[in-house]
1. Under the definition of Cα pairs under 8 Å and six or more residues apart, what whole-number percent is the relative contact order of the range 1-42?
2. To the nearest whole percent, what portion of all C-alpha pairs in the range 1-143 is separated by more than 27 angstrom?
3. Carbon-plus-sulfur fraction of the accessible area of the range 6-127, 1.4 Å probe, in percent?
4. From zero outward in steps of 10 Å, how is the percent of C-alpha pairs of the range 61-193 spread across the bins?
5. Over the range 1-81, what is the relative contact order in percent, taking alpha-carbon pairs closer than 8 angstrom and at least six residues apart?
6. Over the range 1-116, average the accessible area per residue using a 1.4 Å probe and give it in Å², no decimals.
7. So which chymotrypsin sites (Phe, Trp or Tyr not before Pro) in the range 1-74 end up in coil per DSSP with only 14 or fewer other C-beta atoms within 10 Å?
8. Using only the Cα atoms of the range 1-71, build the gyration tensor, take square roots of its eigenvalues as a ≥ b ≥ c, and label the shape rounded, prolate or oblate: rounded if a/c is under 1.5, else prolate if a/b is larger than b/c, else oblate.
Amino acid sequence: MPKQIFVPARGQFDNIGDILLRRQLLDWLRGNGPLHVYLGQSPAGYAEGLRLRPEDVQYRSFKAWYLAALRSAVRGSASYVFKPGEIQLTMIGMKEHLSMLPVLALVRARGGVVARVGVGSRNFARVPRALIWPSIALSNLTLWRDSATAEYLGNGSVMPDLGFGEGGGGAAAQSDAGRNLLIVSMRADQPYPSTPWLAAVREIAARHGLHIRAVTQVLRDNDRTIRLAADLGGEAVGWDGTGHDGQEERLRQLYRRAVIAVSDRLHVLVGAVTEGAVPAALLVNPSDKIARHFAAAGIHDVSIATAGLSATELSGQLEHLIGRRESIQSQLLAARGDLRSANDRLDQVLSGVPAR
């Protein structure tokens, strides 16, 4: 008899990228048993974006969900799957991994499965690694979303980020037909882009006859979106934080019309590439996050450290990326094959077949 699968789907409610990951995992889990989904005090639009089904048992109360998981684990009828996404290795960030240890131990003792799929670490400190290790050791299956996390935390292998499984993409997305946009979306918690950065984006748009759209995929970036649209001579596609599924569809429609997407947010670029746009991480501050997550999907050299580069140098690098559209989409197709393999492994483990 299929076990009840307890899975947290709570995330940053102002971040559509979190929805992409959790929705994909929930879709993977269906068919393996009834889902018991913890949402927390999420707004209605967030839950709608996850496309939960009537048969999914939803919990707003952590206590109610936790007690239900304990009762099910005692009966031997529970499995547990960690939410995908980024772990912040701090005491707050590891709350799920520490607080769920009694449930995990009971699940394993009573023949259930513990799985961790599509997770990556934000930081790599030694002490938090020791604290999270018991949780990792209790997992039947661990699939990290980047190689740096796999090397740091161990006890698992690497898969592409779950977000690469969404969207259209593939051979149809390689065509230039109907693509007349350049997408920009930048983090509000980073310095504002430099004059050469802005000039390079304007130059590429002019060279290819593209209209600039500055978009908001994370609500806290909205003011930056408006400022970028003004400075780049484009239009802003903002967001008021409601209707997550509607905003995602608006963004996807734009990504399907984009030749290139310029951003320092991982899941803006993931969403864009899955709709056929070329991803360009034009970074104001150095970071390896986007590079290592795209590398896990077999897509390399999409990050550009812009400090000290002229507008001409930056536009040249953007031009080079545009020339790689066909190969990037081919790599995306391969990454989706890897995701299907990861899905198969998860199905096998949940059905009682040992992971390979």
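1. The normalised contact order for the range 1-42 reaches 64 percent.
2. The answer is 15 percent, as a whole percent.
3. On the way: 2790 of 4910 Å².
With neighbouring chains kept in place, the figure for the range 6-127 is 57 percent.
4. Per 10 Å bin, starting at 0, the Cα pair percentages come out as 11, 32, 28, 17, 10, 2.
5. About 41 percent, as a whole number.
6. The answer is 41 Å² per residue.
7. Numbers: sites: PHE6, PHE13, TRP28, TYR38, TYR46, TYR59, PHE62, TRP65, TYR66; in loops: PHE13.
Taking the range 1-74 and a limit of 14 other Cβ atoms within 10 Å, no loop chymotrypsin sites (Phe, Trp or Tyr not before Pro) are found.
8. Working: a/c = 2.12, a/b = 1.30, b/c = 1.63.
Judged from the Cα gyration tensor, the range 1-71 comes out oblate (a/c at least 1.5, b/c at or above a/b).
The values are calculated or read from the model by the stated rules, or taken from the named source; none is laboratory data. Here the structure is a predicted model, which means the values were calculated and not measured. Cβ: placed from backbone, ideal geometry, glycine included. Neighbour counts: every protein chain shown. With ligands, DNA and RNA removed, areas are computed over all heavy atoms of the protein, side chains included. Shrake-Rupley method; radii C 1.70, N 1.55, O 1.52, S 1.80 Å.
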